[in-house]
Amino acid sequence: MLKKNGRNGQGRFLWEYSGHDGNVIPTRGKERSMVNYGYKPFWFWNGDMDDSEIKRQIHEMADKGIGGFFIHPRQGLTVPYLSKEWFYKVSVAVEEAKKENLEVWLYDEYPYPSGAAGGEVVLNHPDVAAKELKVKILDIAGPDMVEVELGWGKLVSANAYQVIDGEIDFNKKIDLVDYIGIIRREDIFQMSGLTSYNKKRYFTGDSSNKLIWKVPSGLYKIYVFTEEVIHNFKYYDTFIDPLNYDAVTYFIQTTHERYRKYLGHEFGKTIKGIFSDEIGLIGRYPWSPKLPETFYKNCGYPLIDVLPVIVDGKGEYADKVRFDYWNVVVKTFIQNYDVRIHEWCKANDLLYVAEKPILRSSQLQHIDVPGVDTGHLKAGCKPTLASPDYRANAKLVSSAAHFYKKERALCECFHSIGWGMTLQDMKWTYDWLGFQGINLFVPHAFYYTTDGLKKHDAPPSSFYQMPWWKYSKDLSDYAKSLCKLMSEANRNVKILLVDPVTSQWTASAEKGKTKEKLKEDFSELQNVLLDNFYDFYVIDPELLSQGTVENGNVSINGERFDIIILPPMINLEDGAVEKVLEYAEQKGILIIVGCLPIEKIGNIGDLDKRFGAILNFDVKEIYDNYVFERGKAPEVLEKDNVYFIKNVGEIPAILQKLVERDIKITSSGQIAKGIKALHLTYKNTDCYFVINTSDEKIKADIRIENEKYIDPLVLETEIEFEIFRPIEAVKTEDGIEYSVEVLAFESKLFVLKENTDGKLDKCVKENIKAIDISDIWKIEAKNQNALLMNKWDMYIEKVEGEEFGYGPFKVECMPIIDQVDKCRAGLPIYTYEAFGCSKKLRFPSLDVRYTYRFKLERKMGLSLVIEPGSIMGQWEIYVNGNRIRSQDFERMYFYLSTNLAVDITAYVNKGINEITVKVKTQKVFDGLVNPLYIFGDFGVFKPDDFFVLTDIKLEGTIGDLKSCGLPFYAGDIAYIKEIELGSEEVSDMILCIEDRKFQDAASLFVNGYYAGTKSWHPYKWNIDKTWLKAGKNTIEINITTTLLGLFEGQLFNYEQNAYFDAF
């Protein structure tokens, strides 16, 4: 029920209701149910993992309202993975999390993708290494002699097929296996004779298969398939074969069982689940030595005989062969990996969580918390809704979570947005992910440390390193409320959109770019529906086949739907075909877009005739037009309740005739495409979640179709359902209509109720005054400023101890091998060799000198600051010739507690100063790998070749850090100005910042009174009139930056949505 708020009679309401605590969801009797709505980041364990620091960071998370964390072993980790010490460190985190009531989630790999156990599986069981299928295809005209090198791999098959009238006769083949032998392609010379008489030796290397065949008369096509061990796979060089049962067994034994041994007593308690990441099918044509046997058992014919048809064939059986191949591969992976990991987790009271390539949405029924990987954009971009890439399609995964009764659908987000990410970026992303049904956010990532190169591990870290971290509890609370709403509310969905996944399996060879076209059209169709406020679920054909058709509707798990949409597709599994045709025969509303599924991939034939009958049209013409761009397809067809439309963009016109939208939002008479809206039923109340994904202020005219209200009352509220504001609305024959202004990036929540009181306090117009951030403000930096020293002159003085004397080369901070590569330094060649093998290049040891020059306008106190790991190798530093050793640095906080600093005030002078770093490198990752910093109370400018340290400009516009001498600054900056108010203007008001480019955390003070901190749009502060006075009033805005300038030396260009170097 509604209750008037006693402290304000201006139409503000509190909604009282009984329900679960905001941090708890109903368990539905499941012991393994999730327990809170807080977001749960990847916590990168990428350092030495000190016990006290682990505990401190857990306290930080608890203090900011984080729900828990995934312990993610990551590059930079110094604790041996899967050792007893490793599990001790994990136990430290578990015990501390238990004290703070935080959830612990495990991550099953080091670093990723899952399956390798840090490389141990293949190390101990090389027989389960991943193999890839490679194919060599040759068109040959005989009579001729063909000679071709085939590379070094196990021969799977080699056959020639005659081509007659442009068609390959796959029924007749010439076996070429006996025409293939081994050659060695590399000449090797060594000075390594066995006697004193001769020191010169000749060897050969680089083995390869080679085909030599005398081609008879005629045209032939040759297919040679080989099986090769995968190499150059990230982190591990090779990887496991995910289709190999034993490989997954070893993975479980090596990883999961060890966790159970040491931490099983916390399974289902503090430890909630385990995350699997990125593992999927490998290669264009996934392969396993065991695949031919599995294929034969499932399909009844030899796989090897039809390999040419899979990659290149066409004809009557080609579609079925391709479908059979992909169907076996996909099911084998699911049964071998997902089902077994899920069963192990279930037996051990854990939830199986996974974000990895989605092979088909029915796969997700075997994952307790299925996930996607998207949300890697800054606010101001067009968000990635319903991506063509299934792994990034939040709508697809949330639909599967709904149908397979999963409590959560997660998104791993913020990968590689960079160090300029703001809380605004995060909140904006959470909004459009939540709109699509995501109700668990997994930020990538919280870094244990960002020292040295570790800051470049797909940043940012949205953890304590960020200056705005101190305000992140607001975001935690918002995300918690959003996830609670999306979890406990019911969506009002009438439309089923069938997944065309099997069409993508067969759309290869002669079908050209049909596969890409199918994926893009499927994505576009989803976006057109969302843009026009038609909600839907994506359904896997396997699940659709299990539905029930009755009275022109289809029911899935007892849930009824009014419309089925077939996106462009060229085939459909038999069970789904029968269900769709049954649905059409019962006069269900069926909309077919672009193309019809007439390819035979199962046992049902004459599909062109059966689908043609429901449209009274030769649908083969439509198929040919879509796939081969032959002929002409009709724009629209209609028969009974079956509709065909050629173009995706026309579907709103069809739907408008058939179904009422729960909500429709226009602006100036046109669909407001920047706006997304969702109808939810929450605690028996109609709610409408509206988000502005754009950076424009939109006057939104909203129409709600809901006939159950006699005297409707529309209330605007926050995501926490605390304060309610009445909206002037009108009930018409078409629905309930009202207008609101939706600011850039803003989200709104509206509640619809019956107006039982019959009247409402009159809405009071808000007294809003905009803050002009383009005006000139006084500036006060709250922290010391920094000079980022990232670009140096490099001199290579010695190579392998010998004088060299090359330079200077302009280099940025990175490992020596990368510096040498980028500047093309021209080092002498050094090699190493083993007897009988070819020489290998060796990177030599170097003596390197780096110099950096800057100018001081006046004598001032300065500190030289470095991060641990910034200089690798044996090193020393000189400031104007004054030597500084590593032991001279002391741990001192400047921007992180691990900072190492030394006072260099006594060593610097007015004018030009030079810092020299000398490094002896032994390893390719030695050198000056990370920037050094000078900190002090100065401004940084660059009028010419040198940076000049001088006084900060004390006035400037908000956000223009470079002009006032703060291009590399990180922390808080106060902007201060006075405004004049007449006595008649002293009243309650709202101050706001409307500029869409402004996206930093901002704290507002008025005459010393703290009005609050806002970290995203709308930036609105309520100002009490008692804080104001007639005459001059002091406004102070404290802006909190990101780490973009300090870590990268960059600024953000909003119009181009790109970072750029400050200088």
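A few points about this structure:
- For segment 289-376, the list of GluC sites (Glu not before Pro) that fall in a loop by DSSP and count at most 14 other C-beta atoms within 10 angstrom reads GLU316.
- Summed residue charge, Cβ within 14 Å of TYR81's Cβ, Lys/Arg positive, Asp/Glu negative: -1
- Size of charge dipole - segment 495-658 - debye, nearest 20, with Cβ of Lys, Arg +1 and Asp, Glu -1, no other charges: 320
- Qualifying trypsin sites (Lys or Arg not before Pro) in segment 309-342, DSSP loop, other Cβ atoms within 10 Å at most 16: LYS314
- Counting charges near ALA1062 (Lys, Arg +1; Asp, Glu -1) among other residues having Cβ under 11 Å from its Cβ returns a value of 0.
- Taking a ≥ b ≥ c as the square roots of the eigenvalues of the Cα gyration tensor, segment 495-658 is rounded, since a/c falls below 1.5.
- Applying both filters, DSSP loop and at most 11 other Cβ atoms within 10 Å, to the chymotrypsin sites (Phe, Trp or Tyr not before Pro) of segment 178-282 gives TYR197.
- Using only alpha carbons, segment 663-764 has a radius of gyration to Kirkwood radius ratio (Rg to Rh) of 0.94.
- Of the peptides 41-47, 887-893, 934-940, the order by per-residue mean of other Cβ atoms within 10 Å, starting with the highest, comes out as 41-47, 934-940, 887-893.
- Inter-centroid distance (Cα atoms) of segment 85-135 relative to segment 676-693, Å: 39
- Convex hull projection area averaged over all views, segment 956-1061, Cα basis, nm²: 7.0
- The modelled label-to-label distance between LYS515 and ALA141, using points 7 Å beyond Cα along the C-beta direction, is 3.0 nm.
- Membrane-span-like helices of the chain, defined as complete DSSP H segments with a Cα extent of 20 Å or more along the helix axis and a mean Kyte hydropathy of at least -1.0, are identified as 84-100, 318-333, 472-488, 514-531.
- Our note on the geometry: Cα centres of segment 654-669 and segment 901-977, 56 Å apart.
- What separates the Cα centres of segment 394-462 and segment 148-221 is a distance of 49 Å.
- Ranked by how many other beta carbons lie within 10 Å on average, peptides 501-511, 745-755 from highest: 501-511, 745-755
- Among beta bridges that DSSP assigns inside the chain, antiparallel share in %, nearest 5: 80
- Close amide H contacts of LYS356 (hydrogens built in the peptide plane, cut-off under 5 Å, sequence separation of 5 or more or a different chain): GLU278, GLY371.
- Net charge of Cβ neighbours under 14 Å - reference ASN209; Lys, Arg +1; Asp, Glu -1: 0
- Think of segment 431-542 as a dipole: +1 on every Lys or Arg Cβ, -1 on every Asp or Glu Cβ, centred on the Cα centre; then among VAL493, SER481, ASN532, SER481 lies furthest on the positive end.
- For the peptides 371-381, 629-639, the ranking by packing is 371-381, 629-639, with the highest mean count of neighbouring Cβ atoms within 10 Å listed first.
- Shape call, segment 756-826: gyration tensor on alpha carbons, a/c limit 1.5: prolate
- Long-range amide H partners of ASN755 with built H, under 5 Å: ASP711, LEU713
- Listed from fewest to most Cβ neighbours within 10 Å, the set TYR1010, TYR738 follows the order TYR1010, TYR738.
- Per-residue [θ]222 nm for the chain (sum of -39500 (n - 2.57) over DSSP H runs n ≥ 4, rounded to 500): -6000 deg cm²/dmol
- Close amide H contacts of SER157 (hydrogens built in the peptide plane, cut-off under 5 Å, sequence separation of 5 or more or a different chain): PHE225.
- Global form of the chain, assessed from the alpha-carbon gyration tensor, a/c cut-off 1.5: oblate
Laboratory data are not the source of any read-out in this text; all were calculated from the coordinates shown. In this text, all values refer to a predicted model and were calculated from it rather than measured experimentally. Here Cβ is always computed from backbone atoms with ideal geometry, including for glycine, and neighbour counts include all displayed protein chains.
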